[in-house]
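The values are calculated or read from the model by the stated rules, or taken from the named source; none is laboratory data. It should be emphasised that the depicted structure is a prediction, and the values quoted were computed from it without experimental measurement. All Cβ positions, glycine included, derive from the backbone under ideal geometry; neighbour counts span all protein chains shown. When the accessible area is computed, the model is the full protein with side chains, heavy atoms only, and any ligands, DNA or RNA have been set aside. Shrake-Rupley method; radii C 1.70, N 1.55, O 1.52, S 1.80 Å.
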Amino acid sequence: MSQDTLFHAGSMLCDIHVSSKKQLFQEMASKLLELETFGDKTLACRDIVAAASERERLGSTGVGSGVALPHARIDGLDRVYAVFARLEAPIDYDAIDERPVDLVALLIAPTDAGGAHLRALAKVSRMLRREDMRQRLRSAPNAESLFTILTESRAADAA
């Protein structure tokens, strides 16, 4: 699993307006299902929202500094998929630092993809933990720029 296959230009949401986690998950799930590369054509938006919401009930995935990393495992997937969103206005997310969230990476993985799921989560977490990365993502003018920033980071990490 590489970030090349994790994020795609079509998996970026820029300045979306949402007012709750559920609405955020719905927007991100819809974007995910639009991807040509998405493997499970039988999966519905509500399935992804339910899985992310269920994981959220175990504990908030708001990791601090305005970042959330919701994730879930779902039967029938062939690999880990991700959608990145920058929110127009931060929302309350019950984050560990009690700050609202405006940068969100949703990851969904096959039920049996323990290692790949954890590696993807760790890579995204490391990337978004960096203050310079968060600032660049917050100041990006559009979805194409978000994608470029996220993939430049991968190339720099590989060098």
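Okay, here's what the table says:
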{"item": "Ratio Rg/Rh [Cα only; Rh per Kirkwood] for the chain", "result": "0.92"}
{"item": "Contact order normalised by residue count of the chain, Cα under 8 Å, 6+ apart, percent", "result": "27"}
{"item": "With every protein chain in place, the chain: carbon and sulfur % of accessible area (1.4 Å)", "result": "49"}
{"item": "Stretch gain in nm, segment Ala122-Glu36, where the contour uses 0.36 nm per residue and the Cα spacing is subtracted", "result": "28.4 nm"}
{"item": "Cα-based convex hull volume of the stretch 39-118 per residue, rounded to whole Å³", "result": "96"}
{"item": "Computed lengthening from Asp132 to Arg79, 0.36 nm per intervening residue step minus Cα-Cα distance", "result": "16.1 nm"}
{"item": "Solvent exposure of the chain as accessible area per residue, Å², 1.4 Å probe", "result": "48"}
{"item": "Peptides 57-68, 89-100 ordered by average Cβ neighbours within 10 Å, highest first", "result": "57-68, 89-100"}
{"item": "Antiparallel bridge percentage (DSSP; both residues within the chain; nearest 5)", "result": "45"}
{"item": "Linear extension gain, Gln23 paired with Glu54, 0.36 nm per residue minus alpha-carbon span", "result": "9.7 nm"}
